[in-house]
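Here is the structure we will look at, set down as structure tokens.
The values are calculated or read from the model by the stated rules, or taken from the named source; none is laboratory data. The shown structure was predicted, so the numbers you read here are calculated from the model rather than taken from an experiment. Reconstructed Cβ throughout: ideal geometry from the backbone, glycine too, with neighbour counts over all protein chains shown. Areas reflect the complete protein model, heavy atoms only, side chains present, ligands, DNA and RNA absent. Shrake-Rupley method; radii C 1.70, N 1.55, O 1.52, S 1.80 Å.
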Amino acid sequence: MKISGFTVIRNAELMGYPVVESIKSILPIVDEFVVGVGQSDDQTKKLIASIDDKRIRIFDSFWDTSRTKGGLILSEKTNEALDQCSHDWCFYLQADEVVHEQDLGLIYQAISKANSQSEIQGLLFKYIHFYGSYSVIATSRKWYRNEVRVIKKSSGIRSHNDAQGFRVNLQKPKVQASGARIFHYGWVKPPELMGQKSKLLNRWWHGAARDNEFSHFRYERQYGLKKFTGSHPAIMKDLVASQTWEYDPKRSLNDWTIRDLNLLASDIFERLTHYRIGEYKPYRF
């Protein structure tokens, strides 16, 4: 059984993506790693090429910057990279997602198990979303708890919409839980860099019309933030230690909104019933 890893990336430095750490985090269990590199205004391709590993295969990908609706170009480019993968089991990581070394054996075992079950089209991962700081995680139902990241290429599975999830003939893929975690660092970087990333990424949905919204970016004191008490992937050690900005997630009564009260009510309901209201589940068991 061989495994492909794949991702797409553009303007990694301008947007502060930990893409090198992301790729390196799963190299121990993949036989190749395919990277679709879009035309960039920084040294993204050179950055990827600096990873000294023969399993990494880079191809040039053209991103049409006039495509500014619904983030659909993201799934298009993801499928382009998927098509370049040589093996049936493919591990997709977005450029701000990292795997913990403690989970690598678990992931390989889960793929091996799924390989003997023809009906399984993907594997599900638990998400840890960091927000504002490497020591703060977001846990409210605004943030998805699970997503598919290992897929079976021969099932016809394809990246969908803005590339968060996948579909098989427009149907939710049949999955198994891997038991492993994805550490999502998309919302952890200096505020000015977070504003830059948000602006550039937002253009794939709305064009440049809303650029001014991100000129003075500040992290919110939003509902559901908690202190992270676990360990980061070892590959993230230097980035975690390099945090130079302060972020205090503590909230006052003035910070609360009607939406927050609704989230609190749904959390109480979930604790009582073990059911999360309105949870987005683009997969099936």
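Miscellaneous remarks
- For the range 15-110, the list of trypsin sites (Lys or Arg not before Pro) that fall in a loop by DSSP and count at most 13 other C-beta atoms within 10 angstrom reads 54, 69.
- Restriction of the trypsin sites (Lys or Arg not before Pro) in the range 186-285 to DSSP coil positions whose beta-carbon has at most 11 other beta-carbons within 10 angstrom yields 218, 250.
- Options (i) 1, 5, 8, 10, 11, 11, 11, 10, 8, 7, 5, 4, 3, 2, 2, 1, 1, 0, 0, 0; (ii) 1, 6, 13, 18, 20, 19, 13, 6, 2, 1, 0, 0, 0; (iii) 1, 5, 11, 15, 18, 18, 15, 10, 4, 2, 0, 0 - which one matches P(r) over Cα pairs in 5 Å bins from 0, in percent as calculated here: (iii)
- Cα pair count fraction exceeding 19 Å, expressed as % - the range 5-147: 57 percent
- For the chain: relative contact order, % (alpha-carbon pairs under 8 angstrom, 6 or more apart): 22 percent
- Calculated Rg and Dmax of the range 1-75 using C-alpha coordinates, Å: 12.9, 40
- Summed residue charge, Cβ within 14 Å of residue 277's Cβ, Lys/Arg positive, Asp/Glu negative: +4
- With Rh defined as the Kirkwood radius, the inverse of the mean 1/r over Cα pairs, the Rg/Rh of the range 173-251 is 1.03.
- Alpha carbon centroid spacing (whole Å) that separates the range 30-86 from the range 175-228: 20 Å
- The range 34-95 - convex hull of alpha carbons, volume per residue in Å³: 96 Å³
- Averaged per residue, the chain has 50 square angstrom of accessible surface, using a 1.4 angstrom probe with ligands and nucleic acids left out.
- Entries in 46/189; 69/227; 77/152; 46/113; 2/237 that, when Cα-Cα distance is taken, lie over 26 Å: 69/227; 46/113; 2/237
- Gain on full extension, evaluated as 0.36 nm per residue between residue 117 and residue 60 minus their Cα-Cα distance, stands at 17.0 nm.
- With a simple spin-label model that places each label point 7 Å from the Cα along the Cα-to-Cβ direction, the separation between residue 46 and residue 260 comes to 4.5 nm.
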